[in-house]
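The values are calculated or read from the model by the stated rules, or taken from the named source; none is laboratory data. Owing to the predicted nature of the structure, the values given are computational and were not obtained by experimental measurement. For neighbour counting, all protein chains shown are included, and Cβ atoms are generated from backbone atoms with ideal geometry for every residue, glycine included. Each accessible area value is taken on the protein alone, full model and side chains, heavy atoms only, with ligands, DNA and RNA left out. Shrake-Rupley method; radii C 1.70, N 1.55, O 1.52, S 1.80 Å.
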Amino acid sequence: MNAIDLRKGMMIKIDGELYTVSSFHHVTPGKGRAHMQVSIKSLKQGNVTQRRFRPSDKVEDIYLDNRDMEYLYQEGDNYCFMDTENYEQVFLSKDVLGDAISYVAPNAKVTVSFYENNAIGVELPTTVTLKIIETDPGKKGDTVTNVFKPAKLETGFVTKVPLFINTGEIVKIDTRTGEFMGRA
């Protein structure tokens, strides 16, 4: 495909290595030719680099096999996921999951991306509902919504919630930012 067709979130292959497009910007200078300024993240090393492409440059687009899977349990640094169609179980490492594991509770459904039968990433829904297991108790009259306190969720992730939220409540969390969105 042409470099001008690159979009955020796409997977591409450059020099035999897989990259995710983090951001892109079409630059048209006053003098000279237009080009694409692209931030790409290496899946192998995790570092983000900047690359410049001419719009006509060819980039290898890769096909990903996306499967709906259910998170079952953790075993050491590996996490067990089950394919919801054929019940096949796959263990994913912490490196593959990254920050996504902060939002995945047992029995949660996620989309796992495979390339050549190797898991390379997890796609989360934009919001998840999680239970608060530890936070300071709310007092009567704490109804101000712009004052926050830390709360530990069932996955171990700590986020900020309003003062009136108590332990045991189920809340909605935005997986893109990690912010509290409201009660579930």
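Scanning the range 42-64 for residues that are touching a Ser or Thr at 6+ places or on another chain (Cβ under 8 Å) and either within 30 Å of Glu154 (Cα to Cα) or without any contact (Cβ under 8 Å) to a residue 12 or more places away in the chain (or both) yields Leu43, Thr49.
Any idea which of Thr159, Thr155, Thr167 is assigned to a loop (DSSP other than H, G, I, E, B) and either under 25 Å from Lys41 (Cβ atoms) or of a type in the set (A, V, I, L, M) (or both)?
Working: Thr159 fails: assigned to a loop (DSSP other than H, G, I, E, B); Thr167 fails: either under 25 Å from Lys41 (Cβ atoms) or of a type in the set (A, V, I, L, M) (or both).
Exactly one of Thr159, Thr155, Thr167 is assigned to a loop (DSSP other than H, G, I, E, B) and either under 25 Å from Lys41 (Cβ atoms) or of a type in the set (A, V, I, L, M) (or both), namely Thr155.
Once the range 16-32 is narrowed to residues that are open to solvent by 70 Å² or more (accessible area, probe 1.4 Å) and at pLDDT 85 or above, the residue that is farthest from Arg176 (Cα to Cα) is Thr28.
Of the residues making up the range 151-183, those that are closer than 23 Å to Gln74 by Cβ and open to solvent by 50 Å² or more (accessible area, probe 1.4 Å) are Lys152, Glu154, Val158, Thr167, Ile170.
Read through the list (1) open to solvent by 80 Å² or more (accessible area, probe 1.4 Å); (2) at pLDDT below 90; (3) out of contact with any Phe, Trp or Tyr (no Cβ under 9 Å at 6 or more places or on another chain), then give the number of the only condition that Asn66 fails. In the conditions (1) open to solvent by 80 Å² or more (accessible area, probe 1.4 Å); (2) at pLDDT below 90; (3) out of contact with any Phe, Trp or Tyr (no Cβ under 9 Å at 6 or more places or on another chain), Asn66 misses (3) alone.
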